[in-house]
């Protein structure tokens, strides 16, 4: 859905962009991306998360932003570490953080 829906919406005239975590599997992928914002600060409960934003675009020209925060997203599995434990920040906080990064989307 993340691959086809944004392009379909763009063809209908919508202003669409996609925001995703920069998971290790994405980072190691073969497509080109560039850092467009360093040190984005995102408030989350009692702390402020700081991360970088990378950008690329789909074949349909839809901007895609990846949010880099190694302690949250640099792991071999999407939901657990290699040892089978969760990250230092709970998965609930992790999934709360992702939409907050989107709300702070950079204008590239």
Unmet requirement for residue 29, which otherwise passes all of (1) over 26 Å from residue 76 (Cβ atoms); (2) without any contact (Cβ under 8 Å) to a residue 24 or more places away in the chain: (1)
Restricting the stretch 42-59 to residues that are in a strand (DSSP E or B) and without any contact (Cβ under 8 Å) to a residue 40 or more places away in the chain, the residue that is farthest from residue 73 (Cα to Cα): 57
Hits in the stretch 1-29 (condition: in a loop (DSSP other than H, G, I, E, B) and within 19 Å of residue 70 (Cα to Cα)): 22, 23, 28, 29
Extreme residue, surrounded by the fewest Cβ atoms within 10 Å (Cβ to Cβ), among residues of the stretch 48-63 that are more than 16 Å from residue 18 (Cβ to Cβ) and out of contact with any helix residue (DSSP H, G or I) (no Cβ under 9 Å at 6 or more places or on another chain): 48
Any chance residue 16 is surrounded by 17 or more Cβ atoms within 10 Å (Cβ to Cβ), in contact with a helix residue (DSSP H, G or I) (Cβ under 8 Å, 6 or more places away or on another chain) and at pLDDT 85 or above: yes
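The values are calculated or read from the model by the stated rules, or taken from the named source; none is laboratory data. Predicted, not measured: the structure shown is a model, and the values here were computed from it. Glycine also receives a Cβ, built like all others from the backbone with ideal geometry; neighbour counts cover every protein chain displayed.
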